[in-house]
Amino acid sequence: MKTIALVPNILKDKNCKETINLIKYLKKFDCALLIESRFAPYLEAFCRDEGIRAAFTDRKSVFSGAELLIALGGDGTIIEAAVDAAGYELPIVGVNMGHLGFLARIEKGRYAPLDDVLAGKCGVDNCMMLDIEIIGADGEVLERQKALNDLIISGEDYKMVTVEVKVDGTEMSEYAADGIIVATAVGSTAYSLSAGGAVMHPEVDGMIITPICPHTLKARSAVIPADRVIELTHREPYRCGAVVRADGKMIYKLRGGSERVRIKKSKHSTALVKLNDTTFFDVLRDKLSD
């Protein structure tokens with residue numbers, strides 16, 4: 001018997017109706033379920049009436065007590081769960097409830113691939129994550145965060161910012177642009193791709209630096225090895241404030257050139273379940289082709 005953590009997205013799965021359909025499918029495997037307490041009003045009575053072992057508890061207990069996590073939503077749902085799951089080496093499989101769902105390999109209502117997953121017949125891709133630190137003028141670490149997809153510095157109010165990029169302490173370039181993206185291979189198919197960056201295979205151990213709408217024809221994406229340290233600093237002229245986002249969530253507002261953002265490969269990784277009949281190139285073709 002497996003203990004499975006279920007992470008629904010109430011915005012995409014109204015009243016957890018599809019989560020209930022998934023639970024019905026999982027019933028034949030005699031699984032124990034761990035679900036956050038905030039979903040109890042939608043799921044607790046159903047599980048009790050169906051005789052399904054389900055514990056509704058806090059988020060930490062859900063992640064620490066499970067052997068597998070199933071996220072129902074889109075890529076954002078998986079990415080949000082990834083930081084917590086990585087600390088417990090908890091593998092994730094996604095059910096696509098959204099539009100693109102590049103990371104979510106199972107489509108809503110088509111749950112047959114879970115048979116192999118729960119039988120232990122599927123492998124995992126251990127996807128690189130980023131460790132992000134905001135460093136103050138005196139060298140003190142002001143903020144720490146992890147990211148699966150990317151780190152972004154951008155200007156407030158859609159204004160241009162000037163960002164200095166250093167790699168291992170050596171200046172790489174200074175960009176006048178709407179912002180700068182530092183992405184993992186997983187994140188290379190997200191915002192970085194839309195900004196003109198290359199697609200990186202998930203097995204590539206590297207980071208891609210992509211300027212957003214740079215004010216020059218010379219600025220291009222650059223792929224660097226994962227063992228390097230990247231530092232980004234907001235430089236003059238200060239047309240506006242610069243905000244730092246990790247996986248789309250704002251984590252800090254930089255104070256001019258006195259603070260910098262340090263990015264390096266994390267010791268943690270996100271374990272994404274890979275289905276036996278699907279390769280990265282299948283997903284790339286199906287999800288991103290016209």
key: Most to least packed among 110-121, 18-29, 79-90, 179-190 [average Cβ atoms within 10 Å]   = 179-190, 79-90, 18-29, 110-121
key: Interchain or long-range residues, amide H under 5 Å from Leu72's placed H   = Val7, Asn9, Val95
key: Residue-by-residue Karplus 3J(HN,Hα) for segment 261-278, coefficients 6.51, -1.76, 1.60, Hz, glycine and proline x   = 10, 10, 10, 8, 5, 7, 6, 8, 9, 9, 8, 9, 5, 10, 7, 5, 9, 10
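Among the listed pairs Lys108/Lys146; Lys2/Lys24; Lys60/Lys108; Lys28/Lys274; Lys249/Lys274; Lys24/Lys146, which have their C-alpha atoms separated by more than 24 angstrom in this model? Before the final figure, lay out the partial values.
Working: Lys108/Lys146 29 Å; Lys2/Lys24 15 Å; Lys60/Lys108 26 Å; Lys28/Lys274 22 Å; Lys249/Lys274 27 Å; Lys24/Lys146 34 Å.
Over 24 Å apart, Cα to Cα: Lys108/Lys146; Lys60/Lys108; Lys249/Lys274; Lys24/Lys146.
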task = Find, among the trypsin sites (Lys or Arg not before Pro) in segment 234-290, those assigned to loop by DSSP (not H, G, I, E, B) with at most 15 other beta-carbon atoms within 10 angstrom.
result = Arg239, Arg255
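If the only charges are +1 at each Lys and Arg Cβ and -1 at each Asp and Glu Cβ, what is the size of the charge dipole of the chain around the Cα centre, to the nearest 20 debye? Write down the numbers at each step before the final one.
Numbers: 37 positive and 41 negative charges, 91 e Å.
Approximately 440 debye in magnitude.
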ask   = To the nearest 0.05, what FRET efficiency results for Glu107 and Ser194 with a Förster distance of 25 Å applied to their C-beta separation?
value = 0.60
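Using a simple charge model, +1 on the beta-carbon of Lys and Arg, -1 on the beta-carbon of Asp and Glu, nothing else, what dipole does segment 129-267 show about its Cα centre, in debye to the nearest 20?
On the way: 18 positive and 20 negative charges, 34 e Å.
Here segment 129-267 has a charge dipole of around 160 debye.
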Rounded to whole Hz, the Karplus (6.51, -1.76, 1.60) HN-Hα couplings of segment 236-243, x for glycine and proline = 5, x, 8, 6, 6, x, 10, 10
task = Evaluate E = 1/(1 + (r/R0)^6) for Arg48 and Ala222, where r is the Cβ-Cβ distance and R0 equals 41 Å; express this FRET efficiency to the nearest 0.05.
result = 0.15
note = Under 14 Å by backbone N from the virtual spin label 7 Å along Cα-to-Cβ at Asp282, the residues of segment 89-104 are 104
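Each value in this text was obtained by applying a stated rule to the coordinates, not by laboratory testing. As the structure is a prediction and not an experimental result, all values here were calculated from the model. For neighbour counting, all protein chains shown are included, and Cβ atoms are generated from backbone atoms with ideal geometry for every residue, glycine included.
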